[in-house]
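The structure's right below; bear with me while I get my questions together.
The values are calculated or read from the model by the stated rules, or taken from the named source; none is laboratory data. None of the values given here were measured: they were computed from a predicted structure. Note that each Cβ is placed from the backbone with ideal geometry, even for glycine, and that neighbours are counted across all protein chains shown. Protein only, heavy atoms only, side chains kept; ligands, DNA and RNA dropped before computing areas. Shrake-Rupley method; radii C 1.70, N 1.55, O 1.52, S 1.80 Å.
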Amino acid sequence: MIASAVPKDSLAPDDSITASALAARTGDPAAVEHFVRALHRDVLRYVAYLCADPQAVDDLAQDTFLRALGSLHRFEGRSSARSWLLAIARRAVVDSYRHAAVRPRPADVADWQLAVENAQPRGVPGFDDGVVLLDLLASLPAERRRAFVLTQLLGLPYAEAAEAIDCPVGTVRSRVARARAELLDLLDEPGEPGEPVESPEPALQAA
């Protein structure tokens, strides 16, 4: 059961998670578990989009939560726990790139895409459309892809996405608008000769 400080029946999901994070500062094990479970998938998805090495995704997600749990005493709830945690995930990925700079390795984009695709549930409506969308997202510049993922796939408000990316809200809006325009342009491009063009438009609209 979540501690009484987290009235989950009366709170929206993000409010409930934030309340759990605040309760977890006192060492409440149930609140800690709720906080981690509620955001684990979002962290994995976000790290997978930012990181070119699929083998590093689990480690980076674990590093994100270790950093967050070590910093919970400084979390005051001024932003949602989700945006606060995704900002930590972004820093974890950036730090990993800096650490690996002494031994740079080429990114295997195909493996990166496969790792993200395999993290999604199969056999559910829209899965094939989602895979196509991932392929299209891979062609976007990294900063536009991150803004699109945060706002359109992870559902963060623009203000919270701006906090996670550490840039102005207007910049996030501009990047998302450009990403949408580029994705729509890609949807209009013809496929290979003799192959039908599969449109992931439902996934875009649902995002």
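For the stretch 35-51, just list the computed ³J(HN,Hα) in residue order, Karplus coefficients 6.51, -1.76 and 1.60, θ = phi - 60°, integers in Hz, with x standing in for Gly and Pro.
Those phi angles translate into 4, 5, 4, 5, 10, 4, 5, 4, 5, 4, 5, 5, 4, 5, 6, 8, 9 Hz.
Ok, one more. Going by a ≥ b ≥ c, the root eigenvalues of the Cα gyration tensor, does the stretch 42-93 fall in the rounded group (a/c under 1.5), the prolate group (a/b larger than b/c) or the oblate group? Working shown, then result.
Values: a/c = 3.03, a/b = 1.88, b/c = 1.61.
Prolate shape, in that a/c is at least 1.5 and a/b is the bigger ratio.
At D15 and A30, where each label point lies 7 Å from the Cα along Cα→Cβ, what is the point-to-point distance in nanometres?
Taking the simple label geometry, D15 and A30 are separated by 2.0 nm.
Using the Karplus curve 6.51 cos²θ - 1.76 cosθ + 1.60 with θ = phi - 60°, work out ³J(HN,Hα) for each residue of the stretch 144-158 in order, rounded to whole Hz, and write x for Gly and Pro.
For the stretch 144-158, the Karplus curve yields 6, 4, 5, 5, 5, 4, 5, 8, 9, 9, 8, x, 6, x, 4 Hz.
Would you mind telling me the share, in percent, of accessible area of the stretch 38-103 contributed by carbon and sulfur at probe 1.4 angstrom?
Numbers: 1700 of 3420 Å².
Looking at the stretch 38-103 in its full context, I get 50 percent from C and S.
What accessible area, in Å² to the nearest ten, does a 1.4 Å probe give for T171?
50 Å²
Which ³J(HN,Hα) values, rounded to whole Hz and listed in residue order, are derived for the stretch 63-72 from phi using the Karplus coefficients 6.51, -1.76 and 1.60 in 6.51 cos²θ - 1.76 cosθ + 1.60 with θ = phi - 60°, glycine and proline given as x?
Per residue, the Karplus-derived 3J(HN,Hα) values read 4, 4, 5, 5, 5, 5, 5, x, 10, 4 Hz.
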